[in-house]
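Undergrad: Mind having a look at this structure? Questions to follow.
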Amino acid sequence: MQLLASVLLPTYPDPPGPKIASNAVAVARWLRATLDVAMVNVDIPDVSNALSRFSLNLPAKIQEVEAASRQKGKTLLDAVAAEASRCNVTLTSQELKAQPALMGEEAAKEGRYFDLCVVGWTPNNEASQMTAEEVVFSSGRPTLIVPGDEDVGTLDHVVIAWDGSRVAARAVADAAPFLERASVISIITVTDEKVLPREDVGDRLARSLRARGLTTNVESIHVGDHPIGAALQEHALRIGGNLLVMGGWGHSRLRDIVLGGATEGILSDLRLPVLMSH
């Protein structure tokens with residue numbers, strides 16, 4: 001069955017970053033997937049009154065902002081299309097629109113029709129970070145968060161952050177296409193962050209993956225006083241990992257104020273591609 005991936009790109013106020021086109025195509029090529037590009041352009045409701053029309057010409061300003069958003073989307077699409085053609089990746093595209101506060105929600109709704117969601121992340125770009133969070137928690141699909149300003153390269157060393165939880169198990173299952181293509185799989189457990197369900201959770205997962213014909217190694221780490229999200233990424237990079245797989249933890253009704261420590265750390269400071277499932 002053909003794997004379908006969707007890269008979800010908010011265009012307002014700024015897109016995720018200059019590398020998102022090549023990175024999305026690189027992921028699709030690695031997975032031998034069809035790639036759909038969904039531009040989420042801004043749709044600003046006209047709430048102006050007679051005075052604002054007279055003093056600020058608000059409708060014209062709204063049209064100007066929306067036109068700029070669409071142009072950014074076209075530029076992104078052209079870049080993805082050129083890269084997909086170069087790499088022989090089958091590409092489809094569509095244009096969505098949403099109010100500024102609902103762009104992430106619109107992206108998450110569209111992502112439900114694909115096997116994998118890809119979102120870009122760029123420092124100091126609130127739109128890309130909010131979209132990534134919304135897609136992780138609301139799409140119901142595994143979400144690959146990729147840097148918007150760095151090349152991802154080949155995702156052949158997969159690092160699994162494993163604590164034996166439901167969301168971690170979901171993430172491992174969703175990572176199957178990456179695990180099947182990996183040359184190295186490392187399982188890491190954090191022993192001083194919370195109580196684990198059993199002492200050998202990492203070894204137990206390794207046995208399960210080896211029974212499926214996958215080669216794995218297991219490590220335990222201590223984070224000490226370091227934020228767990230940063231510690232997981234730093235360790236993954238230290239051992240040569242280029243994809244981190246983990247569960248995304250957050251209470252659906254309280255997500256705006258309560259996120260799991262590792263999830264919050266990843267979504268606020270991405271250092272390598274992360275596949276996150278909720």
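The values are calculated or read from the model by the stated rules, or taken from the named source; none is laboratory data. On a predicted model such as this, the values are computed, not experimentally measured, just so you know. When we count neighbours, we look across all protein chains shown, and the Cβ atoms used for this are built from the backbone with ideal geometry, even at glycine.
Undergrad: Among (1) out of contact with any strand residue (DSSP E or B) (no Cβ under 8 Å at 6 or more places or on another chain); (2) buried (at least 20 other Cβ atoms within 10 Å of the Cβ); (3) charged (D, E, K, R), where does Glu150 come up short?
TA: Looking at each condition in turn, Glu150 falls short on (2).
Undergrad: Right, here's the next one. From the list Glu234, Glu219, which one is among the acidic types (Asp, Glu) and in contact with a helix residue (DSSP H, G or I) (Cβ under 8 Å, 6 or more places away or on another chain)?
TA: Glu219
Undergrad: Next question, about the same structure. Looking only at region 81-111, count every residue that is in contact with a Ser or Thr (Cβ under 8 Å, 6 or more places away or on another chain) and surrounded by 15 or more Cβ atoms within 10 Å (Cβ to Cβ) and tell me the total.
TA: Final tally of qualifying residues: 13.
Undergrad: Return only the number of the condition from (1) within 21 Å of Lys19 (Cα to Cα); (2) of a type in the set (A, V, I, L, M, F, W, C); (3) surrounded by fewer than 18 Cβ atoms within 10 Å (Cβ to Cβ) that Ile62 does not satisfy.
TA: Only one criterion in (1) within 21 Å of Lys19 (Cα to Cα); (2) of a type in the set (A, V, I, L, M, F, W, C); (3) surrounded by fewer than 18 Cβ atoms within 10 Å (Cβ to Cβ) is unmet by Ile62, namely (1).
Undergrad: Return the total of residues in region 129-161 being part of a loop (DSSP other than H, G, I, E, B) and at negative phi.
TA: Within region 129-161, residues that are part of a loop (DSSP other than H, G, I, E, B) and at negative phi number 11.
Undergrad: For Gly164, which of the numbered conditions (1) over 14 Å from the mean Cα position of the chain (by Cα); (2) farther than 30 Å from Ile239 by Cα; (3) in a loop (DSSP other than H, G, I, E, B) fails to hold?
TA: (2)
Undergrad: Looking at Val184, Val201, Val190, Val158, which one is in contact (Cβ under 8 Å) with a residue 24 or more places away in the chain and under 17 Å from Ser277 (Cα atoms)?
TA: Just a single option satisfies the conditions, and that option is Val158.
Undergrad: I've got another one for you. Mind listing whichever residues of region 132-161 are β-branched (Val, Ile, Thr) and more than 15 Å from the chain's Cα centre (by Cα)?
TA: Thr154, Val158, Val159, Ile160
Undergrad: Continuing with this model, one more query. Exactly one of these conditions fails for Ser93: (1) closer than 24 Å to Pro13 by Cα; (2) part of a helix (DSSP H, G or I). Give me its number.
TA: Of (1) closer than 24 Å to Pro13 by Cα; (2) part of a helix (DSSP H, G or I), only one is false for Ser93: (2).
Undergrad: Look through Arg212, Arg207 and report the one residue that is without any contact (Cβ under 8 Å) to a residue 12 or more places away in the chain and not in a helix (DSSP H, G or I).
TA: Sole residue among the options that is without any contact (Cβ under 8 Å) to a residue 12 or more places away in the chain and not in a helix (DSSP H, G or I): Arg212.
Undergrad: In region 111-137, what count of residues is obtained for those that are acidic (Asp, Glu), touching a helix residue (DSSP H, G or I) at 6+ places or on another chain (Cβ under 6 Å) and in contact (Cβ under 8 Å) with a residue 40 or more places away in the chain?
TA: Going through region 111-137 one residue at a time, the tally reaches 1.
Undergrad: Please verify whether region 63-70 includes one or more residues that are assigned to a helix (DSSP H, G or I), within 22 Å of Pro273 (Cα to Cα) and touching a Ser or Thr at 6+ places or on another chain (Cβ under 8 Å).
TA: no
Condition check ((1) at pLDDT below 65; (2) surrounded by fewer than 14 Cβ atoms within 10 Å (Cβ to Cβ); (3) touching a Ser or Thr at 6+ places or on another chain (Cβ under 6 Å)) across all residues:
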{"position": "Asn217", "(1), (2), (3)": "no, yes, yes"}
{"position": "Val223", "(1), (2), (3)": "no, no, no"}
{"position": "Glu234", "(1), (2), (3)": "no, no, no"}
{"position": "Leu244", "(1), (2), (3)": "no, no, no"}
{"position": "His251", "(1), (2), (3)": "yes, yes, no"}
{"position": "Gly260", "(1), (2), (3)": "yes, no, no"}
